[in-house]
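Notes follow the structure.
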Amino acid sequence: MNLCRGTGIRGLGGMPPEQEDFIRPLLPLRRAQIEAWLAERGQCWREDATNREDDYTRNRIRHHLIPWLTEQVNPRSVEHIGRLAVQAQELDAYLEQEAERWLAACGGGTDRQEEKPAEEAGAATDRRIFLPAAELAALPEALEGRILLRVMARVTGSSRNLTARHVTAVRDLREGPVGRQIFLPGGVIVRRGYRDLIFGTLDAENKKTEGSSAPPQAEFVTFPRTDGEKIPEKRYTKWFDCDKISGDVFFRHRRPGDVIELKGVGKKTVKSYMIDAKIPAERRDSLWLLADGEQILWIVGYRMSAACQVTPETRTILQISVPEGT
């Protein structure tokens, strides 16, 4: 199921037999084995009535796909899939171990003062983590990707909503110019320093310059589009076609020459739009714009770009929310 939905090595491993306080001793056994063991002892059992229904994806796989694979492809399909899952779990554990070893070798991936070579890695600086860009680039891609995921999860406190797309965006940032930054789910901001990739929260980044204007605390969520899904109209939440965005998105204020593409209008300068929308002149420079490189995706609180609107051809939706009144 995970393979068909789209997953990495960890998802390919499926449900682990041991996970924190949970132990699943019957996981490697076939249903027929358990039923036969109970029948031999005259022990009755209970079944969940929903197991017989096709309302859930996992049940449709059990009732239709698995039997077809067993009959039409290989009688040992289930056994082979299970064996691959175990190998994926072993590989996942190895990558975790190597990622942790690499992070420990470069200071544990803990915080330190930015761009101060004499400063030892490990000094607290408001939850910012520094990773040496050159050393990262020299690693095998699989290990680098795992390290990046671990660090992003460490900063935000959760790996939820972090995907391979975000790893790719950080890799692109590593190859980009100094000062470039991207925003990730959970309020994580990643910036390209002179030597390092700097991971932190928006609050941590904004504390670097006292009194600076802080970008909005945005929430980024991606999910697959379903047929017939209607996109609501909201002022501070917008839905974008994820595949039309490079991933290098960030908030900034307007610049001379900024252009936004409007539905039914075409390309228009941000300045002209603000004049036509009767936005007071004293507010225009303080409004936040969401940009994808040089492309303006959203004038926060007002219009979004027609170039990345959700269409019937959209496969993945990027939902971006900012606090009311931003």
Number of the exception - Thr7 against (1) surrounded by 10 or more Cβ atoms within 10 Å (Cβ to Cβ); (2) assigned to a helix (DSSP H, G or I): (2)
Unmet criterion (only one of (1) at pLDDT 85 or above; (2) open to solvent by less than 50 Å² (accessible area, probe 1.4 Å); (3) more than 18 Å from Leu318 (Cβ to Cβ)) for Val190: (3)
Matching residues in region 10-24 - criterion: being open to solvent by less than 100 Å² (accessible area, probe 1.4 Å) and assigned to a loop (DSSP other than H, G, I, E, B): Gly13, Gly14, Pro16, Pro17, Arg24
Search result, residues across region 253-279 that are loosely packed, with under 14 Cβ neighbours inside 10 Å and of a type in the set (D, E, K, R): Arg255, Lys263, Lys267, Asp276, Lys278
Cross-chain or 6+ apart pairs with Cβ under 9 Å, region 31-53 first and part of a loop (DSSP other than H, G, I, E, B), then of a type in the set (S, T, N, Q) and open to solvent by less than 70 Å² (accessible area, probe 1.4 Å): Glu53/Asn59
Checklist (1) at pLDDT 90 or above; (2) open to solvent by 50 Å² or more (accessible area, probe 1.4 Å); (3) touching a strand residue (DSSP E or B) at 6+ places or on another chain (Cβ under 9 Å) applied to Arg235, failing item: (3)
Sole residue being surrounded by 11 or more Cβ atoms within 10 Å (Cβ to Cβ) and modelled with pLDDT of 95 or more, chosen from Glu98, Glu53: Glu98
Residue within region 288-302 that is at positive phi, touching a residue at least 60 places away in the same chain (Cβ under 8 Å) and surrounded by fewer than 20 Cβ atoms within 10 Å (Cβ to Cβ) present: yes
Meets criteria (within 26 Å of Ala153 (Cα to Cα) and at pLDDT below 90) for Arg112: yes
Any hit, region 81-89, residues being in contact (Cβ under 8 Å) with a residue 60 or more places away in the chain and open to solvent by less than 50 Å² (accessible area, probe 1.4 Å): yes
In region 116-165, the residues that are at pLDDT below 75 and surrounded by 12 or more Cβ atoms within 10 Å (Cβ to Cβ): Glu119, Ala121, Ala123, Thr125, Asp126, Arg127
Residues located in region 242-282, provided they are among the acidic types (Asp, Glu) and in contact with an Asp or Glu (Cβ under 8 Å, 6 or more places away or on another chain): Asp248
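The values are calculated or read from the model by the stated rules, or taken from the named source; none is laboratory data. Note that this is a predicted model, so its numbers are computed, not measured. Note that we place each Cβ from the backbone using ideal geometry, even for glycine, and neighbour counts take in every protein chain shown. Just the protein is used for accessible areas: all its heavy atoms, side chains included, with ligands, DNA and RNA removed. Shrake-Rupley method; radii C 1.70, N 1.55, O 1.52, S 1.80 Å.
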